1. Among residues belonging to region 256-284 that are surrounded by fewer than 16 Cβ atoms within 10 Å (Cβ to Cβ) and touching a Ser or Thr at 6+ places or on another chain (Cβ under 9 Å), point out the one that is farthest from PHE310 (Cα to Cα).
2. Kindly state which helices (runs of 4 or more DSSP H) lie completely within region 142-203 and contain at least 2 residues that are in contact with a helix residue (DSSP H, G or I) (Cβ under 6 Å, 6 or more places away or on another chain).
3. Filter region 72-84 down to the residues that are closer than 23 Å to THR315 by Cβ and surrounded by fewer than 19 Cβ atoms within 10 Å (Cβ to Cβ) and list them by number.
4. Out of the residues in region 163-188 meeting the condition of being farther than 19 Å from LEU98 by Cα and in contact (Cβ under 8 Å) with a residue 24 or more places away in the chain, tell me which one is surrounded by the most Cβ atoms within 10 Å (Cβ to Cβ).
5. Within region 272-290, count every residue that is free of Cβ contacts under 8 Å to residues at least 24 places away in the same chain and either part of a loop (DSSP other than H, G, I, E, B) or at positive phi (or both).
6. Do we have ARG236 as charged (D, E, K, R), modelled with pLDDT of 95 or more, in contact with a Ser or Thr (Cβ under 7 Å, 6 or more places away or on another chain) and surrounded by 20 or more Cβ atoms within 10 Å (Cβ to Cβ) here?
Amino acid sequence: MRFLIAASLLALAAVQPGAAADLSAYKRPLTVPFEGVTAYSPQLATLGKMLFFDPRLSGNKNMTCASCHNPSFGFETPVTTPIGAANTALARQAPTVLNVAWVSPFFWDGRAPNLEEQAAGPITAAAEMNGKLDTAVTEMRAIPDYKKWFDEVFPDKGVTKETMLTAIATYERTVVSNWSPFDRWVDGDEKAVSDSAKRGFELFTGTAGCSSCHTGWNFTDNKFHDIGLPSDDIGRYKIDASSPDNKYAFKTPGLRNTLYRGPYMHDGSLKSMDEVIVHYESGGVSRPSLDRAMSPFLLTDQESKDLIAFLGTLTAEKQDIPLPTLPN
């Protein structure tokens, strides 16, 4: 697949609850945006993919980026929260890597402004991979194939902390969810999704109010919201205390391949999509920072099934992620 260096063709526009749903607002872009970052090349992305799956970046050589961002589970983990290097559960679920080329900032609390900084965080965090980038650089330079390939891709730098993180970030930008039935429906194929899913889309953009935050082709506004989950984690407020609304606020996740990505929410506290719907129906915990879009509503059993049927149409019909062969 060739990734063109071109601006996204899509203007992400929110559809207000109750408004007529405009399918064109959800049309997927045809290129991956690489403006303002290191230009894409297949060699660079391949290097990044190898590092993403290489346990030698971790302190004990037993964890990879894919340990918490598993392709089989929508680049997340199928447990409440991932298990880190200290063999203890982390405080938060791993956000998906899917479609991160269209995401900014990063982490649930937005503490990393770009993918390069995001990549360094889990690798060096003692509770996560517990790696040391200086050590990893030395070890990668000692592997003939890695040294050769980095020298070719970065002729003036070779293997450095910067080039390693650039490679990982470049690969992550190429992790894009494939076409789904919903995309074929947006493109005009009325038979691509069921009548139940079509009713679910009307609920998503109407009564349920999901499109207040889940906007555009990747179904995220890239903003932070307190959705009323009971928690002691103050989220975005720890990073940005400029507004009391940031208390308990977390980044809106995209919804592509979402049915592969349970359990849900920043803390993995909701095990199924049925539980997610029940939470939103409740309106969440009432507190001053609760997002204004959160208000109770009630769906019938059939409406809940319709909403889940729609979410199912966002899952790619085919998503092959072959594992790389690592050099020794």
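The values are calculated or read from the model by the stated rules, or taken from the named source; none is laboratory data. Here the structure is a predicted model, which means the values were calculated and not measured. In this analysis, Cβ positions are derived from the backbone assuming ideal geometry, glycine residues included, and neighbour counts consider all displayed protein chains. These accessible areas exclude ligands, DNA and RNA; they are computed on the full protein's heavy atoms, side chains included. Shrake-Rupley method; radii C 1.70, N 1.55, O 1.52, S 1.80 Å.
1. So in region 256-284, the residues surrounded by fewer than 16 Cβ atoms within 10 Å (Cβ to Cβ) come out as 259, 271-272, 274-275, 278, 281-283.
From the residues that got through so far, the ones that are touching a Ser or Thr at 6+ places or on another chain (Cβ under 9 Å) too are 259, 271, 274-275, 278, 281, 283.
On the way: LEU259: 11, LYS271: 19, ASP274: 13, GLU275: 16, VAL278: 16, GLU281: 17, GLY283: 21 Å.
Filtering region 256-284 for residues that are surrounded by fewer than 16 Cβ atoms within 10 Å (Cβ to Cβ) and touching a Ser or Thr at 6+ places or on another chain (Cβ under 9 Å), the one farthest from PHE310 (Cα to Cα) comes out as GLY283.
2. Numbers: elements: 144-153, 161-173, 181-186.
Filter on region 142-203 gives 144-153, 161-173.
3. SER72, PHE73, PRO78, VAL79, THR80, listed by residue number.
4. If we take residues in region 163-188 being farther than 19 Å from LEU98 by Cα and in contact (Cβ under 8 Å) with a residue 24 or more places away in the chain, then MET164 is surrounded by the most Cβ atoms within 10 Å (Cβ to Cβ).
5. Number of matching residues: 1.
6. no
Condition check ((1) more than 22 Å from GLY74 (Cα to Cα); (2) part of a loop (DSSP other than H, G, I, E, B); (3) β-branched (Val, Ile, Thr)) across all residues:
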site: ARG292; (1), (2), (3): yes, yes, no
site: SER295; (1), (2), (3): yes, yes, no
site: SER304; (1), (2), (3): yes, no, no
site: PRO324; (1), (2), (3): no, yes, no
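Conditions tested, residue by residue: (1) open to solvent by less than 90 Å² (accessible area, probe 1.4 Å); (2) among the small types (Gly, Ala, Ser); (3) at pLDDT below 95.
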| position | (1), (2), (3) |
| --- | --- |
| SER289 | yes, yes, no |
| PHE297 | yes, no, no |
| THR300 | yes, no, no |
| ALA309 | yes, yes, no |
| GLU317 | no, no, yes |
| LEU326 | yes, no, no |
